[in-house]
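K.L.:
Quick one: structure below, then a few questions.
Values quoted throughout were computed directly from the atomic coordinates according to the rules given, and no laboratory measurement underlies them. Computed from a predicted structure; not experimentally measured. Heads up, the Cβs are rebuilt from the backbone with ideal geometry, glycines too, and the neighbour counts pull from every protein chain shown.
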Amino acid sequence: MVIARGITMLLALLLFGQSLLLAAQEAPEWDAGLSKEAAQSAAGKFRQIQESAETDRPFGRIQLSEQEVNSYFHYEMASLFPPGVSKIRMEFQPNRPIGFVLVDFDKVRESLKTPPNPLVSYFLQGVHTVGVEGTLVASNGTGRFHLEVVTLDGITLPQFVVDFLIEQFVKAHYPSVDLDRPFRLPFSIDQVRVEAGKIVLVGRADAL
């Protein structure tokens, strides 16, 4: 479904691209609380936004819980994960989208057109939890994500490794994306509010 993939892509980009939705803290219980029912609930809300986009009717405010988002990634999006990525987990704190991804860097390197230099390879080998933490502000149809920390198993990565990850996981798929610049929110979304335990999408016609 186009709208669902588009919104999940937006969430992914906000959390460091399609393969790096992460946080600088301990690895989560990857499958805790997941359910097909929660995934179906999220899918229904994505359909509501799709119908709004197709008919030009406002969709109001749509709230997605951590359980819904995580279940949707697990049951509906796993087949679209890039090579080497097997688990994605998201958490929400006020203005701070947080997530985790389990990455097999040996498989990732096999899919790269240009292999990383030996120093980067030293950091990126084996299976690890990668983390990203930052802040998100999104209103009036425009969003901005400020990246603060990138970690490997809770340890802060050097900037040159972070730069490599951005090049390989973000710009390789979305060349025009610049994590430090404002971006237009897709569809008819006016606001994205990250709150405790949930994310709220607000339609343009319904924003305060």
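K.L.:
For the ranges 126-134, 103-111, 32-40, what's the packing order if you count other beta-carbon atoms within 10 Å of each residue, average per peptide, and put the highest first?
P.N.:
The peptides rank, most packed first, as 126-134, 103-111, 32-40.
K.L.:
Next question. When you count, for each residue, the other Cβ atoms within 10 Å and take the mean per peptide, how do 148-160, 89-101, 187-199 rank with the highest first?
P.N.:
Top of the packing list down: 89-101, 187-199, 148-160.
K.L.:
Also, quick follow-up: May I have the extent of the alpha carbons of the range 56-208 along their three principal axes, as whole Å values ordered from largest to smallest?
P.N.:
Largest first, the range 56-208 extends 51, 31, 27 Å along its Cα principal axes.
K.L.:
Taking the alpha-carbon distance from residue 107 and a cut-off under 29 Å, which lysines remain once sequence neighbours fewer than 8 residues away in the same chain are dropped?
P.N.:
Residue 107 reaches 36, 87, 171.
K.L.:
Using 7 Å Cα-to-Cβ label points, what is the residue 113/residue 61 separation (nm, one decimal)?
P.N.:
The modelled label-to-label distance comes out at 4.5 nm.
K.L.:
When the label point is put 7 Å from the Cα of residue 31 along its Cα-to-beta-carbon vector, which residues of the range 56-100 have a backbone N closer than 16 Å?
P.N.:
Of the residues in the range 56-100, 70-79, 86-89 have backbone N under 16 Å from the label point off residue 31.
K.L.:
Just the number, please: Stokes-Einstein D of the range 22-108 in µm²/s, Kirkwood Rh from C-alpha pairs, 20 °C, 1.002 mPa s.
P.N.:
The Stokes-Einstein estimate is 150 µm²/s.
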